[in-house]
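The values are calculated or read from the model by the stated rules, or taken from the named source; none is laboratory data. Keep in mind that what you see is a predicted model, and the values were worked out from it rather than measured. Cβ placement follows ideal geometry from the backbone for every residue including glycine, while neighbour counts extend to all protein chains displayed.
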Amino acid sequence: MIAYRIVRSKYANDLSGQGAELWGGRWNLVGTPVLYTSSHASLALLEILAWTAMSQLLKASFVLITLDIPDEPIEVIKASDLPDDWYYPENAQITQKLGTDWMIKNDSLILAVPSALLPIEDNLLINPRHPLMEKVKIQNSSELSLDPRLVTNTLADR
C-alpha cells in the first residue's frame, strides 16, 4: 500500500508521529502519537493547504513523501459511521476519541478515516507504536514547489 505525506523539509524523515503527539489533531489527543498520511498526493496537498498559514505556504520548504506500507488488514471509519456534523472543528472530540482509542488498542497499523475536507477520500493514520511500523519505508521524497496561485488567487478579489 502507498500513502502520501507533505511536510516541512526538516521533518522529511520523521515517522514518529511526534508532531501530532505534541499538538494533537483531528483524530488524536495530545500525548498520542499518530502519523497522518493520505491515500492520494492531491489530498495530502489539500490537507497541508488547509492547515498551514498562508504566510508560511510560500516561505517554507515542503517535501512530498511517498510511503510504502505493508499490505496488512486496516481498520476503516467511514463518514457514514460518524454524526452528520463530525467535521466541524468544535466537534473534534468525537474523532479525537475514536483515533486515540484505536491507537491505545494497537490492533492495527493503519486506520483509514474520511478527510474532513473531502470525505469521499481517506486519510490514513499510521500507528507508530505498532509492531509493523518497522516495515513502513520511505519510498520516495521530493521537494514540493507550490504554485504561487494556490495562495495569491485565494487572496484576490475576483
Of these, Thr66, Thr32, which one is assigned to a strand (DSSP E or B), among the polar types (S, T, N, Q) and closer than 29 Å to Ser142 by Cα? Thr66
Have a look at Leu98, Leu57 and point out the one that is of a type outside the set (D, E, K, R) and touching a helix residue (DSSP H, G or I) at 6+ places or on another chain (Cβ under 6 Å). Leu57
Within the range 82-100, can you find the residues that are surrounded by fewer than 18 Cβ atoms within 10 Å (Cβ to Cβ) and either of a type outside the set (A, V, I, L, M) or on the phi > 0 side of the Ramachandran plot (or both)? Pro83, Asp84, Asp85, Tyr88, Pro89, Glu90, Asn91, Gln93, Lys97
Would you mind stating whether Ile110 is closer than 18 Å to Ala41 by Cα and either under 14 Å from the mean Cα position of the chain (by Cα) or in contact (Cβ under 8 Å) with a residue 24 or more places away in the chain (or both)? yes
Residue match in the range 37-50 (condition: at pLDDT 95 or above, surrounded by 16 or more Cβ atoms within 10 Å (Cβ to Cβ) and in a loop (DSSP other than H, G, I, E, B)): yes
Do we have Lys10 as assigned to a helix (DSSP H, G or I) and either buried (at least 16 other Cβ atoms within 10 Å of the Cβ) or without any contact (Cβ under 8 Å) to a residue 60 or more places away in the chain (or both) here? yes
Residues (in a loop (DSSP other than H, G, I, E, B) and surrounded by fewer than 20 Cβ atoms within 10 Å (Cβ to Cβ)) located in the range 101-115: Asn106, Asp107, Ser108
Residues in the range 73-81: is at least one closer than 18 Å to Glu47 by Cβ, modelled with pLDDT under 95 and surrounded by 15 or more Cβ atoms within 10 Å (Cβ to Cβ)? no
Would you mention how many residues in the range 116-136 are surrounded by fewer than 17 Cβ atoms within 10 Å (Cβ to Cβ) and either of a type in the set (S, T, N, Q) or part of a loop (DSSP other than H, G, I, E, B) (or both)? 6
Here are some conditions: (1) under 11 Å from Arg26 (Cβ atoms); (2) in contact (Cβ under 8 Å) with a residue 12 or more places away in the chain. Leu67 meets all but one. Which one does it not meet? (1)
For a quick check of your reading of the model, give me the residue pairs whose first member lies in the range 73-100 and is assigned to a helix (DSSP H, G or I), whose second is among the acidic types (Asp, Glu), with beta-carbon atoms closer than 8 Å and at least 6 apart or on different chains. Asn91/Asp85
